[in-house]
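In what follows, a structure is listed as structure tokens, so that the remarks can point back to it.
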Ligand code: URA
């Protein structure tokens with residue numbers, strides 16, 4: 001891959017901008033200054049303006065989404081999840097795997113592998129998502145049965161979901177689909193308003209308890225392997 005193409009994909013600027021950087025001598029590959037934008041990069045550490053560049057083109061991230069961010073690539077008026085991620089992830093085309101509402105917190109996966117993302121959210125794959133919810137009124141065993149049977153909503157019947165009551169107004173819910181406002185709509189159909197919603201896991205991947213809201217990390221090899229398996233790709 002040409003060095004200028006690599007740096008541009010990594011978010012260092014447009015092709016013209018990175019060509020200028022390279023010609024200025026601001027880019028080192030394996031410790032040597034490279035002044036030719038067409039240099040064929042085949043590996044080795046890259047430094048740009050004395051800072052090491054992360055040259056990975058394939059990225060798979062878990063983000064602890066805080067409340068208040070939109071799950072979108074960009075928005076003219078509101079901050080998105082990319083406002084807490086390095087710019088390189090956006091220029092690499094890293095995309096969220098499904099969406100969380102603006103006020104929902106917890107695990108959001110992002111990947112540069114579009115096929116993986118699409119397969120993980122495909123309804124027929126029935127990948128389990130686990131949420132914890134706080135609602136405004138006491139939950140009952142009748143709710144547990146209702147969720148288990150599959151709640152009728154105005155435009156579709158939700159697939160059977162597992163509801164485990166953790167305290168009178170707090171529950172863990174496992175769903176295998178991800179329609180717009182799905183969990184909130186299910187609670188609403190059962191007569192409860194959702195006051196807080198937090199995603200604990202997506203398929204085989206659990207939110208890393210050591211992350212704080214707004215923090216992220218790369219997926220570990222075993223997490224990624226399990227995700228590809230859940231997507232039926234490996
Ligand atoms: N269900 C919802 O209602 N909201 C979310 O953010 C995720 C699932």
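For the range 54-88, a residue qualifies if it is in a helix (DSSP H, G or I) and modelled with pLDDT under 95, and the qualifying residues are 87, 88.
Only a single criterion out of (1) in contact with a helix residue (DSSP H, G or I) (Cβ under 9 Å, 6 or more places away or on another chain); (2) part of a loop (DSSP other than H, G, I, E, B); (3) more than 13 Å from the ligand (Cβ to nearest atom); (4) on the phi < 0 side of the Ramachandran plot is not satisfied by residue 214, namely (4).
Entry remark, the range 76-104: residues being within 16 Å of the ligand (Cβ to nearest atom) and either over 30 Å from residue 232 (Cα atoms) or surrounded by fewer than 21 Cβ atoms within 10 Å (Cβ to Cβ) (or both) number 7 in total.
In the range 165-178, the residue that is farthest from residue 119 (Cα to Cα) out of those that are more than 8 Å from the ligand (Cβ to nearest atom) and within 25 Å of the chain's Cα centre (by Cα) is 170. The set of residues in the range 13-48 that are in contact with a strand residue (DSSP E or B) (Cβ under 6 Å, 6 or more places away or on another chain) and either under 22 Å from residue 94 (Cα atoms) or modelled with pLDDT under 95 (or both) comprises 46, 48. Could we say that residue 111 is more than 30 Å from residue 234 (Cα to Cα), touching a residue at least 40 places away in the same chain (Cβ under 8 Å), surrounded by 19 or more Cβ atoms within 10 Å (Cβ to Cβ) and not assigned by TED's automatic domain parsing to the domain that holds residue 7 here? No; evaluated as a whole, the condition is false for this residue. Filter the range 172-210 down to the residues that are free of Cβ contacts under 8 Å to residues at least 12 places away in the same chain and assigned to a helix (DSSP H, G or I) and list them by number. If the condition is that a residue be free of Cβ contacts under 8 Å to residues at least 12 places away in the same chain and assigned to a helix (DSSP H, G or I), then 188 is the only one that fits.
The values are calculated or read from the model by the stated rules, or taken from the named source; none is laboratory data. Nothing here was measured: the structure is a model prediction, and the numbers come from that model. Every residue, glycine among them, receives a Cβ derived from its backbone with ideal geometry; neighbour counts consider all protein chains shown.
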